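Visitor: My questions will all concern the structure given below.
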Amino acid sequence: MLSPVPDADGAPFWRYAAEGELRVQTCADCAEPRFPPRPCCPHCQSFAAEWRRTSGRGRIWSYVVPHPPLLPEYAAQAPYNVILVELTEAPRIRLIGNLVTAPGAPLNSLPHDHIRIGARVRVVFDGNGLPQWVLERP
Ligand SMILES: [Zn+2]
């Protein structure tokens, strides 16, 4: 399994994820959430930021089912899904992840015909603090 390699701006995201929280970097001046994490607000150019906890809920905005050639770590699990989640509290932010049947389940645990654009999902975390997604109504 590949592991995240956090940079200084993204480290808090992974630290909160390891604690089971999905947080989004948010401008402390204009309150605009932003992703990926970066030092400066693209809205108001402020460098003041905070990490706001989200409900961990959203909708599938889009998805793909990657096919080979893939990185060796992923090829063994193909075909699997990669979804783009629009967060409920921050619809302009879309997070990439995998839709699985339960926390820590294999990337290919959910049949592809169960995936629908617009379906409600919620975040779960595997044993290593990696955010994954499950359907609200499987
Ligand atoms: Zn701002």
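The values are calculated or read from the model by the stated rules, or taken from the named source; none is laboratory data. Nothing here was measured: the structure is a model prediction, and the numbers come from that model. Heads up, the Cβs are rebuilt from the backbone with ideal geometry, glycines too, and the neighbour counts pull from every protein chain shown. For the accessible areas, the whole protein counts, side chains as well, though only heavy atoms, and no ligand, DNA or RNA atoms are used. Shrake-Rupley method; radii C 1.70, N 1.55, O 1.52, S 1.80 Å.
Visitor: Provide a single number: the residues in region 90-122 that are open to solvent by 20 Å² or more (accessible area, probe 1.4 Å), aliphatic (A, V, I, L, M) and part of a strand (DSSP E or B).
Guide: So the answer is 1.
Visitor: Identify all residues within region 28-42 that are closer than 14 Å to residue 93 by Cβ and either more than 6 Å from the ligand (Cβ to nearest atom) or out of contact with any Lys or Arg (no Cβ under 8 Å at 6 or more places or on another chain) (or both); write none if there are none.
Guide: 31, 32, 33, 34, 35, 36, 37, 38, 42
Visitor: Right, next: Consider residue 58 against the criteria (1) more than 25 Å from residue 118 (Cβ to Cβ); (2) in contact with a Leu (Cβ under 6 Å, 6 or more places away or on another chain): it satisfies all of them except one. Which criterion is unmet?
Guide: Checking residue 58 against (1) more than 25 Å from residue 118 (Cβ to Cβ); (2) in contact with a Leu (Cβ under 6 Å, 6 or more places away or on another chain), the one that fails is (1).
Visitor: Given the criteria within 16 Å of the ligand (Cβ to nearest atom) and polar (S, T, N, Q), does residue 77 qualify?
Guide: No: the conditions fail for residue 77.
Visitor: Identify the single condition in (1) under 23 Å from residue 129 (Cα atoms); (2) surrounded by fewer than 13 Cβ atoms within 10 Å (Cβ to Cβ); (3) in contact with a strand residue (DSSP E or B) (Cβ under 8 Å, 6 or more places away or on another chain); (4) aliphatic (A, V, I, L, M) that residue 87 does not satisfy, given that it satisfies every other one.
Guide: Residue 87 satisfies all of (1) under 23 Å from residue 129 (Cα atoms); (2) surrounded by fewer than 13 Cβ atoms within 10 Å (Cβ to Cβ); (3) in contact with a strand residue (DSSP E or B) (Cβ under 8 Å, 6 or more places away or on another chain); (4) aliphatic (A, V, I, L, M) except (2).
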